[in-house]
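Novice: Let me give you the structure first, and then I'll get to my questions.
The values are calculated or read from the model by the stated rules, or taken from the named source; none is laboratory data. Bear in mind that the values here come from a model prediction, so they are computed numbers and not experimental data. We place every Cβ from the backbone using ideal geometry, glycine too, and count neighbours over all the protein chains shown.
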Amino acid sequence: MTQERLLDKPTVNYSYGPYNKVGKKEQWIRLTEGCPHNCPYCYEPQEIKVFDIPQMKRKIVKIMDMNILVPSKEPLNILKSLPIKFGNEIIEYEFVCGIDHRFLTKEIAEQLKKHHVKRIRIAWDWWMRDQYKIKDALSILYSIGYKPVNIIIFFICNWNIPYSECCRKLDICKVWNVKCADCYYDNQIEINDKFISIGWTTKQALDFRSKVRKHNQLVNFKIDPEIKP
């Protein structure tokens with residue numbers, strides 16, 4: 001596999017513009033579009049757009065934005081404008097694609113807490129050396145009341161970041177006692193437990209998925225629930 005192939009943008013059919021879908025129990029919305037980073041595994045455009053906040057019709061609202069914390073459009077104003085209640089019920093928000101640790105501030109974290117974002121996802125897509133930046137983001141979240149159990153750290157898998165490097169990142173998440181998720185960008189499919197090999201082998205992808213699963217069990221239960229007395 002050549003370096004040029006690894007850096008190709010994925011080819012997908014992706015919807016752009018505002019989004020608002022209401023299901024029986026949940027509502028999915030998109031409030032912004034665009035990200036300045038232009039990561040090679042992501043198809044989000046660099047042009048930043050901000051959309052109107054739709055009427056909230058469910059108490060569980062999932063925000064689909066790729067990077068709502070981009071600094072050029074004052075993310076605090078967006079967060080502060082989110083409704084707190086749907087009728088008499090508190091709305092619980094979730095950022096499906098996570099938050100960008102590079103733009104996280106204590107004031108933003110306070111708004112996340114105020115608006116009942118119960119679970120925080122942080123993307124650690126790049127190298128082990130970014131551990132200091134991830135740790136700083138965790139410290140901000142802990143300072144305003146989030147707990148390790150409320151946080152999930154994403155790893156981009158089967159890409160330029162090697163399997164061995166992701167294992168090292170998983171090791172430090174054990175020390176931090178935070179949950180993790182192995183993340184595969186679009187155009188990688190899983191058929192009968194086989195992945196399209198781009199940066200890793202299928203064996204490595206399945207092994208890392210198993211390691212992440214066991215890690216999260218230990219974070220959640222503090223013991224290995226699969227080992228019976």
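Novice: Exactly one of (1) surrounded by 15 or more Cβ atoms within 10 Å (Cβ to Cβ); (2) of a type outside the set (K, R); (3) without any contact (Cβ under 8 Å) to a residue 24 or more places away in the chain is unmet by Y142. Its number?
Specialist: Y142 satisfies all of (1) surrounded by 15 or more Cβ atoms within 10 Å (Cβ to Cβ); (2) of a type outside the set (K, R); (3) without any contact (Cβ under 8 Å) to a residue 24 or more places away in the chain except (1).
Novice: Shifting gears a bit: Filter the range 109-158 down to residues that are in contact with a strand residue (DSSP E or B) (Cβ under 8 Å, 6 or more places away or on another chain) and farther than 23 Å from D182 by Cβ, then give me how many there are.
Specialist: Residues meeting the conditions: 3.
Novice: Can you tell me how many residues within the range 56-95 are among the charged types (D, E, K, R), surrounded by 12 or more Cβ atoms within 10 Å (Cβ to Cβ) and modelled with pLDDT under 85?
Specialist: So the count comes out to 1.
Novice: Please go through the range 96-107 and pick out each residue that is closer than 15 Å to S139 by Cα and surrounded by fewer than 20 Cβ atoms within 10 Å (Cβ to Cβ). Explain how you work it out, then say what you get.
Specialist: Narrowing the range 96-107 to residues closer than 15 Å to S139 by Cα: 99-107.
Residues satisfying the conditions are R102, F103, T105, K106, E107.
Novice: Would you mind stating whether Q55 is free of Cβ contacts under 8 Å to residues at least 60 places away in the same chain and in a loop (DSSP other than H, G, I, E, B)?
Specialist: yes
Novice: Restricting attention to the range 114-139, and to residues there that are among the charged types (D, E, K, R), surrounded by fewer than 17 Cβ atoms within 10 Å (Cβ to Cβ) and at pLDDT below 90, which single residue is farthest from the chain's Cα centre (by Cα)?
Specialist: Ranking the candidates gives K114 first.
Novice: Can you find, within the range 57-108, the residue that is nearest to the chain's Cα centre (by Cα) among those that are among the hydroxyl-bearing types (S, T, Y) and farther than 23 Å from K135 by Cα?
Specialist: Y93
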